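No lab work stands behind these numbers, since they all come straight from the coordinates. Bear in mind that the values here come from a model prediction, so they are computed numbers and not experimental data. Because the Cβ atoms are built from the backbone with ideal geometry, glycine has one as well, and the counts that use them run over all protein chains shown.
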Amino acid sequence: MATWVDSHCHIFMLDDPIGAVDRAVEAGIEWMLVPGVDIETSLEARRLASERPDRVLWATGLHPHDAERWDDEQGRITALAVDAAAIGEVGLDYYRNLSPRDVQRVAFRDQVQLASHLDKPVIIHTRDSFADVYEIVGEADLGEKAVLHCWTGGPRWTKRFRELGAIFSFAGPITYTTGDTVRRAAAEAPPERTLVETDTPYLTPEPHRDETNRPEWSSLNGLALADIWGMPGDEVARITSENAARVFGSPRG
Ligand SMILES: [Zn+2]
């Protein structure tokens, strides 16, 4: 059986997170990465990782929705980051604009710099903000330490970020009937720089869209990639899992 990695799942939002880890492992998920979205959820992610240290990595960061809290959270997130596998989830969200854009940019740039300083990967949320994310990621020269989570940029942005050496991570939208742009983007993403994720509990892939998402369904997003690339699913499982281990370090040792 092919095994997959879920490079991005917020399992702390599920009713029984450790049960979800165990079921995912049973279903063929080798390991998963759990990004926090603020201090509290980062601590939760760290606790889950400590319960399943061979299956779960964690990351810490302040999500763009809450960027207004950056002044208050910066100190503790910076301290937590030392022991985390990555910085994230961070980024810019110009679709919902839950924090003012200039405030989002300050929090994002600071956290990109933190990742750069610690030489750790940074997990980036990009929504209607491609140009500004491109500028901030580009000036930090992160190479494949820039992980574009739930990538939805079209082919043009995919080519530009590809030149920066970034990693593209694909979630449920790649399976949606409305996901044409994402599929055309995936066609431009180099397999050796691509990851699969679920973004659990959000973005459940087809054909389960009426259910809460779960880590084992990263395989469905991977099989969609296999279709687009004309590659066997097992091969995509192997390549994306190797990429995840190279970028984040594997908890499997
Ligand atoms: Zn997320």
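Can you pull out every residue in the stretch 10-67 that is surrounded by fewer than 19 Cβ atoms within 10 Å (Cβ to Cβ), of a type in the set (Asp, Glu) and away from the ligand (no atom under 16 Å from the Cβ)?
The answer is 15, 16, 22, 26, 51, 54.
Would you call residue 73 within 17 Å of residue 13 (Cβ to Cβ), of a type in the set (Asp, Glu) and more than 20 Å from the chain's Cα centre (by Cα)? Please lay out each step first, then the result.
Working: within 17 Å of residue 13 (Cβ to Cβ): no; of a type in the set (Asp, Glu): yes; more than 20 Å from the chain's Cα centre (by Cα): yes.
It is false that residue 73 is within 17 Å of residue 13 (Cβ to Cβ), of a type in the set (Asp, Glu) and more than 20 Å from the chain's Cα centre (by Cα).
Does the stretch 195-202 include one or more residues that are of a type outside the set (D, E, K, R), within 20 Å of residue 126 (Cα to Cα) and surrounded by fewer than 22 Cβ atoms within 10 Å (Cβ to Cβ)? Walk me through it before giving the result.
Filtering the stretch 195-202 down to residues of a type outside the set (D, E, K, R) leaves 195-196, 198, 200-202.
Narrowing the set further to residues that are within 20 Å of residue 126 (Cα to Cα) leaves 195-196, 198, 200-202.
Restricting the remaining residues to those that are surrounded by fewer than 22 Cβ atoms within 10 Å (Cβ to Cβ) gives 201-202.
Looking for residues that are of a type outside the set (D, E, K, R), within 20 Å of residue 126 (Cα to Cα) and surrounded by fewer than 22 Cβ atoms within 10 Å (Cβ to Cβ), one finds at least one in the stretch 195-202, hence yes.
Do you know which of the residues in the stretch 97-116 that are part of a helix (DSSP H, G or I) and over 20 Å from the mean Cα position of the chain (by Cα) is farthest from residue 63 (Cα to Cα)? Before you say what the answer is, go through the steps one by one.
Step one: of the stretch 97-116, the residues part of a helix (DSSP H, G or I) are 101-116.
Narrowing the set further to residues that are over 20 Å from the mean Cα position of the chain (by Cα) leaves 101-103, 106.
Numbers: 101: 13, 102: 14, 103: 12, 106: 12 Å.
If we take residues in the stretch 97-116 being part of a helix (DSSP H, G or I) and over 20 Å from the mean Cα position of the chain (by Cα), then 102 is farthest from residue 63 (Cα to Cα).
Can you pull out every residue in the stretch 1-31 that is within 19 Å of the chain's Cα centre (by Cα), in contact (Cβ under 8 Å) with a residue 40 or more places away in the chain and assigned to a helix (DSSP H, G or I)?
11, 13, 20, 21, 24
Scan the stretch 94-112 and give yes if some residue there is among the β-branched types (Val, Ile, Thr), without any contact (Cβ under 8 Å) to a residue 40 or more places away in the chain and within 16 Å of the ligand (Cβ to nearest atom), otherwise no. Show your work before the answer.
Keep residues of the stretch 94-112 that are among the β-branched types (Val, Ile, Thr), which gives 103, 106, 112.
Now restrict to residues that are without any contact (Cβ under 8 Å) to a residue 40 or more places away in the chain: 103, 106, 112.
Now restrict to residues that are within 16 Å of the ligand (Cβ to nearest atom): none.
The answer is no; no qualifying residue exists.
Please enumerate the residues belonging to the stretch 32-54 that are part of a strand (DSSP E or B) and either β-branched (Val, Ile, Thr) or in contact with a His (Cβ under 7 Å, 6 or more places away or on another chain) (or both). Reasoning before the result, please.
Start the filter on the stretch 32-54 by keeping residues that are part of a strand (DSSP E or B), which leaves 32-35.
Within the stretch 32-54, 33, 34, 35 meet the criteria.
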